[in-house]
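Participant: Starting off with a structure, shown below.
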Amino acid sequence: MKQKLFALFLGLCVLLAALPVSAKAPVPVKNRLLFVPHDNRPISDEQTADTIKKLGWDILVPPDEMLGGREQLGNPEEVWQWVEQNAPTAEAAVLSSDTLLYGSLVGSRKHDYTQEQIEERVARLEAFKKANPKLKIYVFGSIMRTPRSGEASGSMEPGYYQSYGSDIFRYTSLTDKRELEGLTRREQKEYDFLTRLIPKDALADWLSRRNKNFAASSELIKLTRQGDFDYLVLGRDDNAPYSQTHMESRHLAAAGADLGPAKFQAIAGIDEVGLLMLTRAVNDLTRTVPFVYVRYNWGRGANTVPSYSDEPISSSIHDHVVAAGGMLVTMPQKADLVLLVNTNPDGRTYEANDRRNDGTLREGTKYFADIVSESVAAGYPTGIGDIAFANGADNALMEVLKNRGLLFKLRAYAGWNTATNSTGFVLAQGMLSMKMTNDARDQLLLMRYLDDWAYQANIRPIIGRQLGWLRGTGAYTSLDTKRPAVEARATRMMRRFADENLPPFDELRYLEITFPWNRMFEAKYDLTKPFDFSEYKASHPDA
């Protein structure tokens, strides 16, 4: 009997050995995130991903050529294939719905996809979750912007917006106001006039694309409700208290109200939302809930409604903290991050190239700098949301921080683009900073000082005024054959600015600036020599 059983066992082993061996399923790599940005601008793509790399984590991002650029609107099919191929190796995925549905953020404004094509891609997200049931999925998308004019659109809208952008903006602001509180007789007359003035085919094209976007966003809310996403954020791109963007956001927020802010939010801002979702993914995976204490400059402070926004900055910051997985606290002693927000006492937001930003101390500058000094001296992990000016740093504040030796005693800083871009970015980097080395934090700070302070607030306005002197053809929004000359001049000016205002890091002598989107609005910074703070800090122990 034993011999028969042994023979049977041997036969079974031979049979099993003869069966084909199936491919082993990929195992998620610990601390690996999948990230699909909404385009390949340096701030959206590499600077956001670099924040996660500074944690020592692994982050996978599609190649630049797959993502949307200035002229190339992105390739949704190629990105989808990349996502489906790499997802099994990651613990979490942070996905731009604009990229997966339309190719990019700009693509969402200019695409010619049919409603059916978009619906198929939304359904693909549902299938993606079923194929990766254990993968944490965080999705962020945009509620289409409503630029105030063709000039404000930066040529990132259809061509007719250059001619009728101001009229379309005003038309939609009246539409929103009519729905909220009604129009006066004079406003109704203006509304009727704009209805006749704006070409019907242009308005129909603009609204039809928005309707597709609105329908897709509504479906994303439904997928969140059925548990396909761990979190969904719909960001309001450039908008105003009365605008088409504001109106659509209200309706979408109402549609997802039952989910609560623990699962879904419609918030102000868009370019910072990718990093907020990456931060939430890290906090979820590490079971961390960072505590954030917020303090504003005196005056309007928390009630400031910045340019390009439709709500008080305190509301936006609250939403950003929640979206990133943090919690607001009322005492700095209990905070993992003390966020100090540099607002103008009068509640206004000026442009960084405004004459007020000449470095002269203004009302509130010294008061705010004293707050920063006190917070750092108390040992609080301090970050600054610098939003007194849009599209660049406050030169007066930065000069005081430099003179007081505070630049590299902060945990995080941001002063780029819109106010919500800055506060969202500094919140995310500030929350994650407690998981970073000092050198990693300093490298992120340096990038913000180079971009927000040196380039955006100082070098960009100067070169913008000098463009006519340079050989070649081109303009601020399309550098074209002037581009090499602009890149060379910007590089020289950046190195000089760094030499005069930043610690003597030897690596900054090798800094190169390029303009991958062929315009001056954003720049890419390359250090041909690897950056290492250790040598400088060894000889400057108080830095």
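The values are calculated or read from the model by the stated rules, or taken from the named source; none is laboratory data. This one's a predicted model, so the numbers in the text were calculated from it and none came from an experiment. Note that each Cβ is placed from the backbone with ideal geometry, even for glycine, and that neighbours are counted across all protein chains shown. The protein model used for the area step is the full one, side chains on, heavy atoms only, and it has no ligands, DNA or RNA in it. Shrake-Rupley method; radii C 1.70, N 1.55, O 1.52, S 1.80 Å.
Participant: For the range 63-120, which positions are more than 19 Å from Arg210 (Cβ to Cβ) and among the charged types (D, E, K, R)?
Facilitator: Of everything in the range 63-120, those that are more than 19 Å from Arg210 (Cβ to Cβ) and among the charged types (D, E, K, R) turn out to be Asp64, Glu65, Arg70, Glu71, Glu77, Glu78, Glu84, Glu91, Glu120.
Participant: How many residues, within the range 224-236, are open to solvent by less than 10 Å² (accessible area, probe 1.4 Å) and either of a type outside the set (Val, Ile, Thr) or not in a strand (DSSP E or B) (or both)?
Facilitator: Filtering the range 224-236 down to residues open to solvent by less than 10 Å² (accessible area, probe 1.4 Å) leaves 224, 229, 231-235.
Then keep just the ones that are either of a type outside the set (Val, Ile, Thr) or not in a strand (DSSP E or B) (or both); that gives 224, 229, 231-232, 234-235.
Here the count works out to 6.
Participant: Shifting gears a bit: Mind checking which residues of the range 223-276 are within 19 Å of the chain's Cα centre (by Cα), of a type in the set (Gly, Ala, Ser) and farther than 26 Å from Ala204 by Cβ?
Facilitator: Ala268, Gly269, Gly274
Participant: Over 20 Å from Asn211 (Cβ atoms) and either small (Gly, Ala, Ser) or in contact with a helix residue (DSSP H, G or I) (Cβ under 7 Å, 6 or more places away or on another chain) (or both): which single residue out of Phe140, Phe193 fits that description?
Facilitator: Details: Phe193 fails: either small (Gly, Ala, Ser) or in contact with a helix residue (DSSP H, G or I) (Cβ under 7 Å, 6 or more places away or on another chain) (or both).
So the residue among Phe140, Phe193 that is over 20 Å from Asn211 (Cβ atoms) and either small (Gly, Ala, Ser) or in contact with a helix residue (DSSP H, G or I) (Cβ under 7 Å, 6 or more places away or on another chain) (or both) is Phe140.
Participant: Here are some conditions: (1) charged (D, E, K, R); (2) crowded, with 17+ Cβ neighbours inside 10 Å; (3) farther than 15 Å from Leu73 by Cβ. Arg109 meets all but one. Which one does it not meet?
Facilitator: Exception for Arg109: condition (3).
Participant: Please verify whether the range 277-292 includes one or more residues that are in contact with a Gly (Cβ under 7 Å, 6 or more places away or on another chain) and among the aliphatic types (A, V, I, L, M).
Facilitator: Yes: the range 277-292 contains one or more residues that are in contact with a Gly (Cβ under 7 Å, 6 or more places away or on another chain) and among the aliphatic types (A, V, I, L, M).
Participant: Can you give me the number of residues within the range 336-357 that are in a helix (DSSP H, G or I) and either open to solvent by 30 Å² or more (accessible area, probe 1.4 Å) or at pLDDT below 95 (or both)?
Facilitator: Start the filter on the range 336-357 by keeping residues that are in a helix (DSSP H, G or I), which leaves 355-357.
Subsequent filtering for residues that are either open to solvent by 30 Å² or more (accessible area, probe 1.4 Å) or at pLDDT below 95 (or both) retains 355-356.
The qualifying residues number 2.
Participant: Quickly run through the range 303-327 and pick out the residues that are open to solvent by 30 Å² or more (accessible area, probe 1.4 Å), over 18 Å from Phe425 (Cβ atoms) and either touching a helix residue (DSSP H, G or I) at 6+ places or on another chain (Cβ under 6 Å) or among the basic types (Lys, Arg) (or both).
Facilitator: Listed by number, the list holds a single entry, Pro312.
Participant: Ok, one more. Could you tell me how many of the residues in the range 468-493 are at pLDDT below 95, open to solvent by less than 80 Å² (accessible area, probe 1.4 Å) and part of a helix (DSSP H, G or I)?
Facilitator: 1
Participant: State which residue is surrounded by the fewest Cβ atoms within 10 Å (Cβ to Cβ) when the search covers only the range 57-70 and only residues that are touching a residue at least 24 places away in the same chain (Cβ under 8 Å) and more than 18 Å from Arg32 (Cα to Cα).
Facilitator: Taking the candidates together, the pick is Asp64.
Participant: Here's a follow-up. Suppose we keep only residues that are of a type outside the set (A, V, I, L, M) and touching a Pro at 6+ places or on another chain (Cβ under 9 Å) within the range 320-346. Which one would you say is nearest to Ala419 (Cα to Cα)?
Facilitator: Looking only at the range 320-346, we keep the residues that are of a type outside the set (A, V, I, L, M), and these are 320, 325-326, 330, 332-334, 336, 342-346.
Right, trim to touching a Pro at 6+ places or on another chain (Cβ under 9 Å) and you get 325-326, 336, 343.
Values: Gly325: 20, Gly326: 20, Asp336: 22, Thr343: 10 Å.
My answer is Thr343.
Participant: Additional query: I'd like the full set of residues that are exposed (fewer than 15 other Cβ atoms within 10 Å of the Cβ) and under 15 Å from Tyr242 (Cβ atoms), limited to the range 148-182.
Facilitator: Answer for the range 148-182, where residues must be exposed (fewer than 15 other Cβ atoms within 10 Å of the Cβ) and under 15 Å from Tyr242 (Cβ atoms): Glu179, Leu180, Glu181, Gly182.
Participant: Of everything in the range 71-96 that's under 22 Å from the mean Cα position of the chain (by Cα) and open to solvent by 40 Å² or more (accessible area, probe 1.4 Å), which residue is farthest from Asp284 (Cα to Cα)?
Facilitator: Glu71
Participant: Also, I was wondering about something else. Please count how many residues of the range 197-213 are open to solvent by 20 Å² or more (accessible area, probe 1.4 Å), in contact (Cβ under 8 Å) with a residue 40 or more places away in the chain and closer than 19 Å to His251 by Cα.
Facilitator: Number of matching residues: 1.
Participant: The conditions are (1) at pLDDT 95 or above; (2) more than 29 Å from Pro158 (Cβ to Cβ), and Val27 fails exactly one of them. Which is it?
Facilitator: (1)
Participant: What are the residue pairs meeting all of these: first residue in the range 143-168, first residue at positive phi and of a type outside the set (Asp, Glu), second residue buried (at least 17 other Cβ atoms within 10 Å of the Cβ) and in a strand (DSSP E or B), Cβ atoms under 9 Å, and 6 or more apart or on different chains?
Facilitator: Close Cβ pairs (under 9 Å, with a partner that is buried (at least 17 other Cβ atoms within 10 Å of the Cβ) and in a strand (DSSP E or B)) do not exist here.
Participant: Let me ask another. Quick check on the range 358-392: of everything there that is in a helix (DSSP H, G or I) and under 26 Å from the mean Cα position of the chain (by Cα), which residue is nearest to Leu444 (Cα to Cα)?
Facilitator: To start, the set of residues in the range 358-392 that are in a helix (DSSP H, G or I) comprises 365-377.
Subset that is under 26 Å from the mean Cα position of the chain (by Cα): 368, 372.
On the way: Phe368: 22, Val372: 19 Å.
Here the residue is Val372.
Participant: Take the conditions at pLDDT 95 or above, under 30 Å from Gln72 (Cβ atoms) and among the hydroxyl-bearing types (Ser, Thr, Tyr) and apply them to Tyr455. Does it pass?
Facilitator: Numbers: at pLDDT 95 or above: yes; under 30 Å from Gln72 (Cβ atoms): yes; among the hydroxyl-bearing types (Ser, Thr, Tyr): yes.
So Tyr455 fits the description; yes.
Participant: In the range 408-427, how many are part of a helix (DSSP H, G or I) and closer than 11 Å to Thr382 by Cα?
Facilitator: The number of residues fulfilling the criteria is 4.
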